[in-house]
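No lab work stands behind these numbers, since they all come straight from the coordinates. The structure presented is a predicted model; accordingly, all values stated were derived computationally and were not measured. When we count neighbours, we look across all protein chains shown, and the Cβ atoms used for this are built from the backbone with ideal geometry, even at glycine.
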Amino acid sequence: MPEITQTMLEDALAYGRAFTSQGKTAQYIPYLRQVDRDLLGVSVQTVDGRRFSAGDSKTPFTVQSIAKVVALALALQDRGEKNLFSGRVGLEPTGDPFNSIIRLEVDRKPYNPFINAGAIAVVGAIKGRSGSEKFERLLRYFKKLCGSETVSLCGEAYLSERETGDKNRALAYHLKATKMLEGDVGEDLDVYFRMCSLYVTAEDIAHLALVLANRGLDPATGERLMAAEHARIIRTLMLTCGMYDGSGEFAVKVGYPAKSGVGGGIAATLVDRMGIGVFGPALDVRGNSVAGIAILEYLSKAMDVRLF
Ligand code: GLN
């Protein structure tokens, strides 16, 4: 298997550049609409301590749905696998858009933790006496997983998110009406809006992906940040559901677990080898970074690492 090199990463970035003009920034959140769609960055961190970056790898962007990975890891720690997956959220891909409500009427339980309904149910499962306590815990954990103290709330994105979040409100109140959410829905929604609005960089999400690739152990500090079994569950869900209704095509093209967000980030994980973070805010119709996918596809071919 060819090893990753700085030249390979720069070639991947150059390849990805041709794709930014094929997408659009997320239009439904005003804050995201105005982000420069030509930004593009990639970062790689290997389990044996090598780090490579190219392009806009230090430019902050909002983490959006990649936060669902962190929320899931914390809820798994708080409640355990059995409690979380038997009563609160499922393990099945939907093939529906990430904010779809359609299946909630038929099956009370959201299908998986990476669609919005499932992520809101996961936030409901995080321990804390109030929304702010939950968020504080989540943010502390976020910083550890990203190996970065600079992860912080983007106030403008948060307000924008809250202002245009009626679909998410509909999902949350539906979950409450069917007794799938038991606490204060308003507070849980607020935690959800906040976690989506956290500022990260491609380097930060590469580190998050690295911890998942290294089975829950941060190779930089030697600290165990999640149980190996939880990291395995999360990687599996990333493969089946991480790219929303584009997960099947992504598995064929790229072939390793990844989680995207409508801010343009993708965190991809190659078990026992490396974490990759990409950032390119121009999205395809499913809400995935077009150039980000192109970069990951380039790298997976260059390193010959497709799982199947
Ligand atoms: N904040 C976004 C939303 O709830 C996150 C969705 C995403 O990244 N797919 O709509």
Subject >> Cα convex hull of segment 1-105 - mean projected area over all directions, nm² >> reply: 10.5 nm²
Original post:
Sorted by packing (mean other beta-carbon atoms within 10 Å per residue), highest first, where do 263-271, 286-294 land?
Top reply: 263-271, 286-294
**OP:** Under 30 Å Cα to Cα from K58, which lysines show up? Leave out anything in the same chain fewer than 8 places away.
**Re:** K24, K68, K134, K143, K144, K253, K259, K301
Original post:
When the Cα atoms of segment 185-306 are enclosed in a convex hull and the volume is divided per residue, what value in Å³ results?
Top reply: 119 Å³
Original post:
In the chain, with Lys and Arg counted as +1 and Asp and Glu as -1 at Cβ, which of these residues, A227, V106, N214, has the Cα nearest the positive end of the dipole, that is, farthest along it?
Top reply: V106
Subject >> Cα centre as origin, Lys/Arg/Asp/Glu Cβ charges: segment 2-159 dipole, Debye >> reply: 600 debye
Original post:
Beyond 21 Å, what percent of the Cα pairs of segment 109-177 remain?
Top reply: 36 percent
**OP:** With only Lys, Arg, Asp and Glu charged, each at its Cβ (+1 for the first two, -1 for the last two), find how big the charge dipole of the chain is about the Cα centre; round to the nearest 20 debye.
**Re:** 560 debye
Subject >> Per-q log10 I(q)/I(0), segment 56-158, q = 0.15, 0.16, 0.24 Å⁻¹ (Debye; single scatterer per alpha-carbon; no solvent) >> reply: -0.67, -0.75, -1.32
**OP:** Just need the relative contact order of the chain here, percent rounded to a whole number, with Cα pairs under 8 Å and 6+ apart.
**Re:** 29 percent
Original post:
Taking one equal scatterer on every alpha-carbon of the chain, how large is log10 of I(q)/I(0) by Debye at q = 0.12, 0.16 1/Å?
Top reply: -0.69, -1.30
Original post:
Picking from A258, F279, T62, whose Cα lies most toward the positive end of the charge dipole for the chain (charges on Cβ: Lys, Arg +1; Asp, Glu -1)?
Top reply: A258
Original post:
With +1 on each Lys and Arg Cβ and -1 on each Asp and Glu Cβ, how big is the dipole of segment 1-90 about its Cα centre, in debye rounded to the nearest 20?
Top reply: 440 debye
Original post:
Using DSSP loop states and a limit of at most 14 other Cβ atoms within 10 Å to flag GluC sites (Glu not before Pro), what is the longest stretch of the chain containing no flagged site?
Top reply: 4-104
Subject >> Rounded to whole Hz, the Karplus (6.51, -1.76, 1.60) HN-Hα couplings of segment 288-297, x for glycine and proline >> reply: 9, 4, 5, 6, x, 5, 4, 5, 5, 5
**OP:** Tell me what the chain gives for mean residue ellipticity at 222 nm when only DSSP H runs of n ≥ 4 count, each as -39,500 (n - 2.57), the sum divided by the residue total, rounded to 500 deg cm²/dmol.
**Re:** -14000 deg cm²/dmol
Subject >> Protection proxy ranking, peptides 298-308, 208-218, average beta carbon neighbours within 10 Å, highest first >> reply: 208-218, 298-308
